[in-house]
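Quick notes on the structure that follows.
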Amino acid sequence: MKILVDNIMDTLIVKYLLQEATSDEITDVNNWINKSEANKKKFEHFKFLWLESKKIEVNNTFDENLAWDNFKNVVENKKNTTKIIYASKNNWLIAAAAVLVVIVAGWYINIFFANANSNKNLLVKTNKNIFIDTLPDNSIVTLNKNSSIEYNSKFTEGNSRNIKLKGEAFFLVTANKEKPFVVTVNDVQIRVVGTSFNVKTINGQTEVIVKTGIVQVARNGKTVTLLPHEKTLTTKDLNILDKENTKDKLFNYYESNEFECEETPLWRLVEVLNDAYGANIVIGKKEIRNLTITTTFANEPLDNILKIIGTTFQLKITRKDTQFIIQ
């Protein structure tokens, strides 16, 4: 009976935030919020996800009726042992939190955990989008495109907070010295207490870059400790675990929604732009690949960025079908 009541209230909260609730339903929600601190915290989390979506400019048409239908379908399919959330939008600037159907899925994640009495796994996947997920310990994970994370419904109940990653993600970890945060990717384990860092894995390579705090990376019995602006890169063929300083500030572009360049080589900026926009930009002359640029592009259309690059270096930008050529 409690689960049924919880589901009804979850539905009312969504209607409340969509401004579709009746006056009686609004009163019911307000009374429920004031009933306990736990209720207030749950509502604030729902509201947080909704407000985060409002911050991001959405250029596509949004169908609230479709979102509502999807929410009801999610609730009806609540019996799965492993819950899989798929999020898909084409524009990298549109985080999945900007689309209500994805937000509702995000709400359901928390509802699902709140009612879980046994071990269940949650698998969150992205396709051509970016997705922001708040974990049960209030740590925030920003998943890049074509990535996934998996963690248990009892995420905060053990001696450590364990999560598996495929692809790329930026982690902003809530501090808890008693329960280290452990990310497993390929054959690498990343262990932190409270920090922010980026993990990227592709073709058997794993790259870890630290933004703040201290991160411990372990592989095959070897361990390296990373400080801010340090990184390590492992490959499946070499049993080496070294670290190096890095000036690269583009690594978390998908989390910050900006391209921060500080003496950044042109080839590196082009590499990131291709990934971010799904573009096909090529550098037509080898001698200009290592030209460096220091600037920040925030939510700029690709055409504007290319114009600035051309003006800065006095280069010509030409377009042939879907390809941009810098020369």
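The values are calculated or read from the model by the stated rules, or taken from the named source; none is laboratory data. Computed from a predicted model, the values in this text were never measured in an experiment. Reconstructed Cβ throughout: ideal geometry from the backbone, glycine too, with neighbour counts over all protein chains shown.
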Scanning the stretch 163-220 residue by residue, those surrounded by fewer than 19 Cβ atoms within 10 Å (Cβ to Cβ), under 19 Å from Val124 (Cα atoms) and among the hydroxyl-bearing types (Ser, Thr, Tyr) turn out to be Thr184
What is the number of the single condition among (1) at pLDDT 85 or above; (2) under 22 Å from Lys42 (Cβ atoms); (3) in a strand (DSSP E or B); (4) β-branched (Val, Ile, Thr) that Thr156 does not meet?
-> (3)
Return the residue satisfying two criteria in turn: it lies in the stretch 141-162 and is more than 21 Å from Asn257 (Cα to Cα), of a type in the set (S, T, N, Q) and touching a Lys or Arg at 6+ places or on another chain (Cβ under 6 Å), and of such residues it is surrounded by the fewest Cβ atoms within 10 Å (Cβ to Cβ).
-> Ser160
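If you scan the stretch 134-186, which residues turn out to be of a type in the set (Ser, Thr, Tyr) and farther than 27 Å from Lys249 by Cβ? Walk me through it before giving the result.
Initially, the stretch 134-186 is screened for residues of a type in the set (Ser, Thr, Tyr), giving 134, 139, 142, 147-148, 151, 153, 156, 160, 174, 184.
Hits for the stretch 134-186 are Tyr151, Ser153, Thr156, Ser160.
Could you say which residue among Thr201, Thr225 is under 25 Å from Tyr277 (Cβ atoms) and in a strand (DSSP E or B)?
Details: Thr225 fails: under 25 Å from Tyr277 (Cβ atoms).
Answer to the selection: Thr201.
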All but one of (1) of a type in the set (Lys, Arg); (2) at pLDDT 90 or above; (3) closer than 30 Å to Lys47 by Cα hold for Arg219, so report the exception by its number.
-> (3)
Among the residues of the stretch 8-44, the number that are modelled with pLDDT under 80, surrounded by fewer than 15 Cβ atoms within 10 Å (Cβ to Cβ) and of a type outside the set (Lys, Arg) is 6
